[in-house]
Amino acid sequence: MVADTWYYCDWEVDDERAFGPFTLEQLAELIRTGKVSFDFIVSREGTEGSKWVHADEVEEILDAVPLDVERLMTEYIGYGETPPGDEKWGWASDRMYQLLDYFPERAWPLIIEMIDRAPSEDCLSFLAASPLENLLSKDGPAFIDRVEQRAAVNAKFRRALGMLKRLGMTDDVWRRVQAAKPG
């Protein structure tokens with residue numbers, strides 16, 4: 001097997017058929033040009049017994065196909081502006097949760113920027129209760145120092161902290177969130 005060999009399978013169309021082999025650059029070009037959706041699975045071997053994973057869980061692929069950050073933030077903020085029950089979850093939601101699950105370091109600056117851009121208190125509450133709460137529940141110990149630093153200099157971020165629920169946050173993370181939120 002060549003080190004830069006990739007196969008993909010569009011499991012929504014045909015979960016039995018693998019396409020390839022491709023180099024990482026060839027695969028990235030297929031994604032960038034829209035010839036292949038980003039919602040597919042990849043493998044290095046391309047055989048039935050291979051380990052297949054979602055393309056957006058592979059850091060090499062994320063690096064090769066830059067994320068449309070502006071589109072993600074605009075659409076995700078739009079979810080927060082939609083009346084409850086009228087949301088149309090889609091691409092941005094899928095991408096944000098993939099980042100939170102697999103690449104929280106990539107999610108952190110997006111969360112900060114979206115909170116800064118939140119056009120309303122409802123949207124701010126949504127962003128607090130969605131990506132920020134999930135980040136701190138899953139990876140709070142790795143991010144709590146940065147959360148405290150951001151809260152110390154940004155009133156809007158402090159307000160977002162005041163909107164959080166504990167969910168899966170550790171005792172220490174929750175205690176520190178409580179100390180950092182407004183009065």
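Worth a mention:
- The number of Lys pairs in the chain with C-alpha atoms less than 20 Å apart, excluding pairs fewer than 8 positions apart on the same chain, is 5.
- If you plug the beta carbon distance of ALA179 and SER50 into 1/(1 + (r/R0)^6) with R0 = 45 Å, you get a FRET efficiency near 0.40.
- Under the combined filter of DSSP loop state and at most 10 neighbouring Cβ atoms within 10 Å, the stretch 101-169 retains these trypsin sites (Lys or Arg not before Pro): LYS165.
- Counting only whole DSSP H helices of the chain, the ones at least 20 Å long by C-alpha along their axis and with mean Kyte-Doolittle hydropathy no lower than -1.0 are 133-153.
- Kirkwood hydrodynamic radius of the stretch 6-64, from inverse mean 1/r over distinct Cα pairs, in Å: 11.2
- Alpha carbon centroid spacing (whole Å) that separates the stretch 12-66 from the stretch 78-139: 26
- Net charge over other residues, Cβ less than 15 angstrom from the Cβ of ARG117 (K, R count +1; D, E count -1): -3
- Rh by Kirkwood over Cα pairs, then Stokes-Einstein D for the stretch 46-113 at 1.306 mPa s and 10 °C, µm²/s: 119
- Stretch gain in nm, segment ARG71-ALA129, where the contour uses 0.36 nm per residue and the Cα spacing is subtracted: 18.8 nm
- Cα-based equivalent ellipsoid of the stretch 69-180: semi-axis lengths in Å, sorted from largest, via gyration tensor: 21, 15, 13
- Qualifying chymotrypsin sites (Phe, Trp or Tyr not before Pro) for the stretch 81-144 [loop in DSSP, other Cβ within 10 Å: at most 12]: TRP89
- Descending by average beta-carbon neighbour count within 10 Å, the peptides 107-113, 78-84, 172-178 line up as 107-113, 172-178, 78-84, the highest first.
Read-outs: derived from the displayed coordinates by stated rules, not from any lab. The shown structure was predicted, so the numbers you read here are calculated from the model rather than taken from an experiment. Please note: Cβ atoms are built from the backbone with ideal geometry, for glycine as well, and neighbour counts cover all protein chains shown.
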